[in-house]
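Taken together, the values in this text are just the output of simple stated rules run on the coordinates, not laboratory data. Computed from a predicted structure; not experimentally measured. Every residue, glycine as well, gets a Cβ built from its backbone with ideal geometry; the counts of neighbours run over all protein chains shown.
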Amino acid sequence: MDRCIVLVDAGYLLGAAASLLAGEPSRSRITVDHTALIQGLRERAESDTQQPLLRIYWFDGAPDRVPQPEHRRLRVMPRVTVRLGALTRSDGRWAQKGVDAAMHAELTELARNRACSDVVLVTGDGDLLPGMMAAKEHGVAVHLWAVQAADGDYNQSEDLVAEADERRVLDRTWITRAVRAKEHTGVCAPQPAPRPEIAAILSAPLPESALAAAAERPAPQPQHPAAGAGQNGGEERAPAAKGVPTPKDLAALRAPGAQSAQQPASATLRWSSDKGWVDRPTAEPPEAASMPTLAQLTTAEQRWADREEDITTVGGDPFEVGQVFARRWVERLGDQSHLQKLSGMYPRIPHRVDGELLRYAARFGLLAHKDDQIDERDRYAIRAGFWKEIGVRTGVEHAPVGE
């Protein structure tokens, strides 16, 4: 079949690009325009092979194989298929599992079925050598592309280079059309500037009762220093010291034999969507407890439509996820009085609705980390997106609490 196929090892392509542009292979050090990158790969492949493109296969790793936001954006692009391997944690570092095997299987299957006349491999791993040899035996021309090495040396397996029919180098000029280095600020993954909506929620003051309780409780030191890089090389933060007891702490204080003097005079717990500490009653207020969840408002037909939209349209940005959830909730709400009650609860989302919101976000890979390393900033971005949409629907601009 006279057409070409591109198989991309994303770990190699983006890691090598980060080394070239930022001086280290951490993917958190670069910003990628995936639309421009895919278009560049297509144009280069068709030019080099003189054949029309059939498809680009994008191989990458993800925790528990849950698509991350970048994977969701890629898989809805024309002529792009995303294949995910596992991303596992070992000795504080993330490692891909199953990506090379998936590339090998795809390469040999395409060649065996004569799906293409030319295949372009963007990889440096020598584990692909048997697959490359099998493809050649089936009459497929194999083109091997390398990313320009930062030190001018090879960043590919020598055996892989020797076996390829054609070889090309994606140089700095080509790479920088779609990839750029982030400004270095002394850390591997500088924190992005917060959205105004997130800042509004985070600026909520601490109630006086919470401040008093926190003052009575010494802040424990973090047990672990900041861990190594995350999936894209992102820096992981150690859990912040807590000055307010958790439910587990309170259970321990109430255990037989515990000294009553140790128990704070006014036990406070963190409300789910508030940065500050507030007194949480044993049961939610009636107006919050009666608030319907999105699941209760959604029909079977709407559930299918929602799933289709999630797969094909929603990119997975935390703020966007919160907006989509809120839009669906408001549009299906029969009793609009609930909307006004909810708006008056800002910045606290009723517990049942908030839990459902975070579970929805987990579908996009935002919270589904194998080691339960939930990013707090993502949580607040999700909730800020929720409140932004509620504000649009009610015409109420939510200002920081206390103003």
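Annotation: Cα Rg of region 4-181 relative to the compact-globule expectation 2.2 N^0.38 Å equals 0.97.
Here the gap between residue 105 and residue 50, fully extended at 0.36 nm per residue and compared with their Cα-Cα distance, gives a gain of 17.3 nm.
The Cα atoms of region 125-180 cover 38, 20, 15 Å along the three principal axes, with the biggest extent listed first.
Close amide H partners of residue 80, meaning residues 5 or more places away or on another chain with modelled amide H under 5 Å apart, are 56.
Segment residue 394..residue 138, full-extension length gain: 85.9 nm, with 0.36 nm per residue of separation and the alpha-carbon distance subtracted.
Using 0.36 nm per residue and subtracting the Cα-Cα separation, the extra length available between residue 86 and residue 296 on full extension is 72.2 nm.
Inter-label distance, residue 168 to residue 305: 4.4 nm, where each label sits 7 Å from its Cα along the C-beta direction.
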